[in-house]
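To start, the structure under review is shown below, and the notes come after it.
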């Protein structure tokens, strides 16, 4: 078998592994990919990512703990989890089709941005207080529980909220903060 | 007799007590910073370490050493939080939390959602059934009764088509005669009329009716009059008297004042006593 044909097979296998949900949590662990694709799986993922770019999709990695500042080592990759996500942004219409109301998305944005600003940890009472500004009171608790169930947030026994695995996989935290900062400066400009 | 080098027992005990108090305060301070997410730099580590060191020679029992080690452990946690704090400040993600909070409060829901959509890249996944799920489904299917048996139990009735008037629905208690808010407004008008120039009316004089059922209904509606700001209660705890004071305009206190619940017992005996006293 030629090298090209070999990689084509690996590419298909990687796509099957990444697209189909096989565990309770979506995504595939690095070591699983190594077992199924071989030790050159980072290269296979790179090729697949380039192919998916045409479809506005990308391969995203969520590392255990903090994101490595430099190029991740093979060991860090093995312990990381790989997903296929949308590459660009979504429109509000697309969000509605996925079952999320605009209120739910705004609530999630508020909770996440607040936790990021509070260094990754905020008390549930403070987040609820902030959400009550934007959502009807009876929905605040329900929405927070929904974000926790979906894996965006987690809560400890002291009612402290943290960002969870799905946020690390799906949300560009820096972009979110930057967009919030820019939004206000735009508003100021409009006022002028 | 020389007293040099002699430490009176009571003074040693006092020092130990004082030291234990200091350590406990250190532990509490560190705990509150940790749990409430306060600025970790309000804890002066050098000073507190000096206090721990000062009392260390006094400790003898296991309990005292445990307290000492707990204080050290708490201080170590604060140092870790301080280090994380510095690390976070040096990253590009650092933004003043108050600034972010202010922005989150100012921006509309729609704007926040549309901003978030630019930073959100949801996972794409396809759900599929596993072999385990398939086995479970087969088991469920095999345990189902045949359709004719299941349908026999349901026992559907065939009825003639007909029409119902609004009055029929009211009689069947499917629809209320008046809308809830309409009913509330009527009761509010009655309350203001009954109060007249007195500004208030005794609770039982207002909710009390000829039947216990009607009394319960009036008490239920009155609770909404108070909750929705149409009236308020004046409670005289010593005399065990409750008065209802109607407002001329409904006042919304939601979010302005701490809401309190006032339990008022409206049982049959109470109603009977009120009715007897009224007819006496």
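Read the figures in this text as sums done on the coordinates, not as results from a lab. As the structure is a prediction and not an experimental result, all values here were calculated from the model. Methodologically, a virtual Cβ is constructed for each residue, glycine included, from the backbone with ideal geometry; neighbour enumeration extends over all protein chains shown.
So here's what we get for this one:
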read-out	value
Label-to-label distance, nm, for residues given as residue A:183 and residue B:160 (7 Å Cα→Cβ offset)	6.2 nm
Paramagnetic reach from residue B:273 (point 7 Å along Cα→Cβ, amide N under 17 Å) across region B:230-244	B:236-243
Highest to lowest packing among A:23-32, B:135-144, scored as the average C-beta count within 10 Å	A:23-32, B:135-144
Sorted by Cβ neighbour density within 10 Å, fewest at the top, the residues B:79, A:110, B:26	B:79, B:26, A:110
Angstrom value of the Kirkwood radius, inverse mean 1/r, which spans all Cα pairs in chain A	18.8 Å
Contour excess over end-to-end distance, with Cα ends at residue B:217 and residue B:136 and 0.36 nm allotted per residue	24.0 nm
Approximate spin-label separation residue A:43-residue B:167, in nm, with each point projected 7 Å along Cα-to-Cβ	8.8 nm
Whether region A:93-186 is rounded, prolate or oblate, judged on the alpha carbon gyration tensor where a/c under 1.5 counts as rounded	rounded
Segment residue B:245-residue B:102, length gained on full extension (0.36 nm per residue, minus Cα span)	47.5 nm
Calculated Rg and Dmax of chain B using C-alpha coordinates, Å	35.6, 117
GNM top mover of A:53, A:70, A:170 - chain A, alpha-carbon springs below 10 Å	A:70
For A:20-32, mean number of other protein chain Cβ atoms within 10 Å	2
Partner chain coverage, peptide A:87-94 - average Cβ within 10 angstrom	3
Residue with peak Gaussian network fluctuation, chain A [Cα springs, cutoff 10 Å], from A:113, A:182, A:62	A:182
Full-stretch length increase - residue A:156, residue A:20 - with 0.36 nm per residue and alpha-carbon distance subtracted	45.9 nm
Global form of region A:3-88, assessed from the alpha-carbon gyration tensor, a/c cut-off 1.5	rounded
Förster radius 30 Å - calculated FRET efficiency between residue B:185 and residue A:145 (Cβ-Cβ, nearest 0.05)	0.25
Rounded tilt (10° steps) of B:62-90 against the dominant C-alpha axis of chain B	70 degrees
Computed P(r) (all Cα pairs; region B:13-88; 10 Å bins; percent)	19, 51, 23, 7, 0
Over region B:180-279: Rg over Rh, Cα atoms, Kirkwood Rh	0.95
Least to most buried among B:129, B:244 (fewest other Cβ within 10 Å first)	B:129, B:244
Global form of the protein assembly as shown, assessed from the alpha-carbon gyration tensor, a/c cut-off 1.5	oblate
Degrees between helix B:180-195 axis and first principal axis of chain B (Cα, 0 to 90, nearest 10)	90 degrees
Helix-only CD estimate at 222 nm, as mean residue ellipticity for the protein assembly as shown, using -39500 (n - 2.57) per DSSP H run (n ≥ 4)	-18500 deg cm²/dmol
Between helix A:3-19 and chain A: long-axis angle, C-alpha atoms, 0 to 90°, nearest 10	30 degrees
